[in-house]
1. Just give me the residues in the range 120-142 being under 20 Å from the mean Cα position of the chain (by Cα) and farther than 21 Å from E55 by Cα, in sequence order.
2. Would you mind telling me which numbered condition in (1) touching a Cys at 6+ places or on another chain (Cβ under 9 Å); (2) surrounded by fewer than 23 Cβ atoms within 10 Å (Cβ to Cβ); (3) not β-branched (V, I, T) A95 fails?
3. Taking the residues in the range 20-50 that are within 23 Å of R96 (Cβ to Cβ) and of a type in the set (D, E) as candidates, determine which candidate is surrounded by the fewest Cβ atoms within 10 Å (Cβ to Cβ).
4. Quick check: is even one residue across the range 193-206 closer than 30 Å to Q53 by Cα and out of contact with any Ser or Thr (no Cβ under 7 Å at 6 or more places or on another chain)?
5. So A105 fits all but one of (1) within 8 Å of the ligand (Cβ to nearest atom); (2) surrounded by fewer than 16 Cβ atoms within 10 Å (Cβ to Cβ); (3) under 13 Å from S70 (Cβ atoms); what number is the exception?
6. Which one of these does E89 not meet: (1) without any contact (Cβ under 8 Å) to a residue 60 or more places away in the chain; (2) closer than 17 Å to Y42 by Cα; (3) more than 7 Å from the ligand (Cβ to nearest atom)?
7. So how many residues does the range 254-296 have that are of a type in the set (S, T, Y) and under 15 Å from A241 (Cα atoms)?
8. Does any residue in the range 172-192 that is within 15 Å of R268 (Cα to Cα) come within less than 7 Å, Cβ to Cβ, of a residue that is of a type in the set (K, R) and surrounded by 14 or more Cβ atoms within 10 Å (Cβ to Cβ) six or more places away or on a different chain, and which pairs are these?
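The values are calculated or read from the model by the stated rules, or taken from the named source; none is laboratory data. Since this is a predicted model, take the numbers as computed values, not measurements. Using ideal geometry, Cβ is built from the backbone for each residue, glycine included, and neighbour counts are taken over all protein chains shown.
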Amino acid sequence: MAHDHLHDHQDRSRHHHDHTDVDWGEMAPMLESQAELFTPLYERALAWLGHKQTEPGLIVDAGSGPGVVSCLLADAFPGARVVAVDSAESLLERARTRAARLGVADRFDILAGELPGVLDALDYPPDLLWAGRSLHHLGDQRAAIAAFAARLAPGGTLALMEGGLPARFLPRDLGIGRPGLQARLDVLEEEWFARMRADLPGTVAETEDWPGLMAAAGLRHTGTRSFQLDLPAPTTDRARAYVTAVLSRLRDGFGDRLDATDRATLDRLLDPEDPASVHRRRDLFVLATHTVYTAERTVHPAERTG
Ligand SMILES: C[S@@+](CC[C@H](N)C(=O)[O-])C[C@H]1O[C@@H](n2cnc3c(N)ncnc32)[C@H](O)[C@@H]1O
């Protein structure tokens, strides 16, 4: 699927299937704990970015949420100032608190407002604009990419994390119910995602050809790479808590769209007393893949210094 499946398990399933608006403030603990679990994946993605470009002076984390990745950006690029940008002020407050706790507050700012227009408030153009799983929440993705591109410093990089593969937590045959439960949940999520996009303000249907859209915005595509989070069974308590939260939200959001067998299976998976539940089974794992697309704003001869 073309969007960020695993993380959006949370975004989407939090709400009843007929509601596609997301209460981001309410999502804060979940966004934080999932980004923390996914830290090894982010670190590899940011190391890859670091090898591709010169040390950035200003980094914008567009749609930063609670700032876990913003702080990882600050770590990965110790010479850079990082601005976390989001429309949810409560999430930005968490980002600010986190930056202080991690000792990077002196080169960390927050900026509240609607993307992409809020970027006009930046003091100077970013050398790296990271948009992790946020672009697909904007109605007109082509216009947003063009606006991101227009705000980049000459030679700056736009990095989009979008799409990847559906995450897996359980064997195809769980030993209970009908094999293939996660694949059937994926279908419900796809339908939710389509409704979510259709309901966004100013929504525009768009082929999700990110390199093509970046090229259309005048950028030079510099790379696409997918990064994997592989936490094999037997997994950690943290991963177990994450999977439990994801499946609970799916049960809340889509339970009434599942057939009786799958609903009963999901209930058993979530029942802490049941030996087959995700709380107790030994075969639980987290396998997730996210894709990063990068493109550069080429330096116009008139912009070259020296
Ligand atoms: C799925 S979360 C991703 C958070 C973070 N980048 C991460 O990877 O953990 C999407 C974020 O985009 C933000 N967002 C959604 N629509 C937005 C908009 N129109 N303007 C600014 N931020 C927006 C949400 O508040 C949320 O924090």
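1. Within the range 120-142, R133, S134, L135, H136, H137, L138, G139, D140, Q141, R142 qualify.
2. Checking A95 against (1) touching a Cys at 6+ places or on another chain (Cβ under 9 Å); (2) surrounded by fewer than 23 Cβ atoms within 10 Å (Cβ to Cβ); (3) not β-branched (V, I, T), the one that fails is (2).
3. Of everything passing the filter in the range 20-50, D23 is surrounded by the fewest Cβ atoms within 10 Å (Cβ to Cβ).
4. So far as the range 193-206 goes, yes, one or more of its residues are closer than 30 Å to Q53 by Cα and out of contact with any Ser or Thr (no Cβ under 7 Å at 6 or more places or on another chain).
5. Result: A105 fails condition (1) only.
6. (2) is the only condition that E89 fails.
7. 1
8. Close Cβ pairs (under 7 Å, with a partner that is of a type in the set (K, R) and surrounded by 14 or more Cβ atoms within 10 Å (Cβ to Cβ)) amount to I176/R268; Q182/R168.
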